[in-house]
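Beneath this line is the structure, given in structure tokens, with notes to follow.
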């Protein structure tokens with residue numbers, strides 16, 4: 001049996017004079033880049049430069065839309081009419097796609113950011129709004145979410161390709177929920193790599209209380225805002241390949 005996995009990274013999240021992580025240094029080790037679309041980070045120059053990095057290293061590109069929350073980095077829930085959310089998602093997809101077209105690249109996927117990611121996994125109205133925006137914009141786009149969530153089911157029902165995502169650089173509790181850190185700390189690359197291999201080959205992950213739970217994933221995320229994210233991404237990719245896992249973009253897996 002051939003094991004395959006996509007490594008994705010949330011990137012392009014700087015804004016103006018503010019930079020968050022070394023985008024180029026981490027993109028070179030992944031296979032899919034989720035590029036911020038201006039609402040939580042990523043101004044036009046940052047978006048365009050990040051697209052160029054992805055092109056340079058032959059990395060597939062997806063949009064990383066969010067609630068309109070620059071101050072809170074997209075980590076605060078904003079209550080709105082689902083049609084307003086649908087419009088916000090379409091707006092952000094179009095913004096990134098302009099730079100992709102300028103560079104001759106096609107958008108591969110959409111992955112919501114931060115609070116939006118968490119809300120659509122459980123809220124039917126918000127999930128439907130995001131899924132419908134993706135379907136209207138381009139039904140060939142792949143939707144990133146966790147396996148068997150409300151968002152997963154809505155995406156499948158709408159006929160989208162849905163990629164199941166896991167987070168080897170985050171801790172999980174015994175219920176299978178990951179624990180969000182407000183400020184990313186340096187990660188031990190070996191530990192993250194071991195968790196990535198277990199996800200890809202064995203479909204399991206160890207929880208914060210020492211249990212082992214099942215997990216389904218086509219793609220694993222490395223967060224670029226960790227101080228040592230490039231090293232983590234490098235070690236994760238090397239360990240996956242050393243253990244016989246084919247690392248490739250999710251578009252080639254689904």
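The values are calculated or read from the model by the stated rules, or taken from the named source; none is laboratory data. Remember, it's a predicted structure, so these values are computed and weren't measured experimentally. In this analysis, Cβ positions are derived from the backbone assuming ideal geometry, glycine residues included, and neighbour counts consider all displayed protein chains.
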**Study point:** All positions within the range 57-75 that are closer than 16 Å to residue 13 by Cα and in a loop (DSSP other than H, G, I, E, B)
**Key:** 65, 66, 67, 68, 69, 70, 71, 72, 73, 74, 75
Exercise for review: Filter the range 56-93 down to residues that are loosely packed, with under 15 Cβ neighbours inside 10 Å and within 30 Å of residue 247 (Cβ to Cβ), then give me how many there are.
Suggested key: 3
Point to revise | Residue that is surrounded by the fewest Cβ atoms within 10 Å (Cβ to Cβ) [pool: residues in the range 94-112 that are farther than 16 Å from residue 53 by Cα and touching a strand residue (DSSP E or B) at 6+ places or on another chain (Cβ under 9 Å)] | key: 95
Exercise for review: Determine whether the range 31-41 contains at least one residue that is part of a loop (DSSP other than H, G, I, E, B), touching a strand residue (DSSP E or B) at 6+ places or on another chain (Cβ under 7 Å) and over 19 Å from residue 167 (Cα atoms).
Suggested key: yes
Review point. Restricting attention to the range 145-163, does a residue exist that is out of contact with any strand residue (DSSP E or B) (no Cβ under 7 Å at 6 or more places or on another chain), under 13 Å from residue 117 (Cβ atoms) and modelled with pLDDT of 95 or more?
Key: yes
**Study point:** the range 107-122 - residue that is over 12 Å from the mean Cα position of the chain (by Cα) and assigned to a loop (DSSP other than H, G, I, E, B) and, of those, farthest from residue 143 (Cα to Cα)
**Key:** 122
Check your understanding: Just for the range 18-30: of the residues that are free of Cβ contacts under 8 Å to residues at least 40 places away in the same chain and not in a loop (DSSP other than H, G, I, E, B), which one is surrounded by the most Cβ atoms within 10 Å (Cβ to Cβ)?
Key -> 27
Practice item. Go through 205, 199 for me and flag whichever is surrounded by 15 or more Cβ atoms within 10 Å (Cβ to Cβ) and in contact (Cβ under 8 Å) with a residue 60 or more places away in the chain. Key: 199
Study note, to complete from the structure: Subset of the range 166-196, residues touching a residue at least 12 places away in the same chain (Cβ under 8 Å), part of a strand (DSSP E or B) and surrounded by fewer than 22 Cβ atoms within 10 Å (Cβ to Cβ), comes to 171, 172, 179
Practice item. May I ask you to list the residues in the range 208-222 that are under 18 Å from the mean Cα position of the chain (by Cα) and either surrounded by fewer than 15 Cβ atoms within 10 Å (Cβ to Cβ) or over 24 Å from residue 73 (Cβ atoms) (or both)? Key: 215, 216, 217, 218
Study note, to complete from the structure: Only one of (1) in contact with a helix residue (DSSP H, G or I) (Cβ under 8 Å, 6 or more places away or on another chain); (2) loosely packed, with under 15 Cβ neighbours inside 10 Å; (3) farther than 20 Å from residue 134 by Cβ does not apply to residue 15, and that is (2)
Check your understanding: Mind checking whether some residue in the range 117-133 is touching a strand residue (DSSP E or B) at 6+ places or on another chain (Cβ under 6 Å) and either within 18 Å of residue 13 (Cα to Cα) or touching a residue at least 60 places away in the same chain (Cβ under 8 Å) (or both)?
Key -> no
Point to revise | Residues (surrounded by fewer than 21 Cβ atoms within 10 Å (Cβ to Cβ) and assigned to a loop (DSSP other than H, G, I, E, B)) located in the range 223-254 | key: 225, 227, 228, 243, 244, 248, 253, 254
Point to revise | Answer residue from the range 1-12, given it is in contact with a strand residue (DSSP E or B) (Cβ under 7 Å, 6 or more places away or on another chain) and surrounded by fewer than 24 Cβ atoms within 10 Å (Cβ to Cβ) and is nearest to residue 108 (Cα to Cα) among those | key: 4
Check your understanding: part of a helix (DSSP H, G or I) and touching a helix residue (DSSP H, G or I) at 6+ places or on another chain (Cβ under 7 Å): does that describe residue 163?
Key -> no
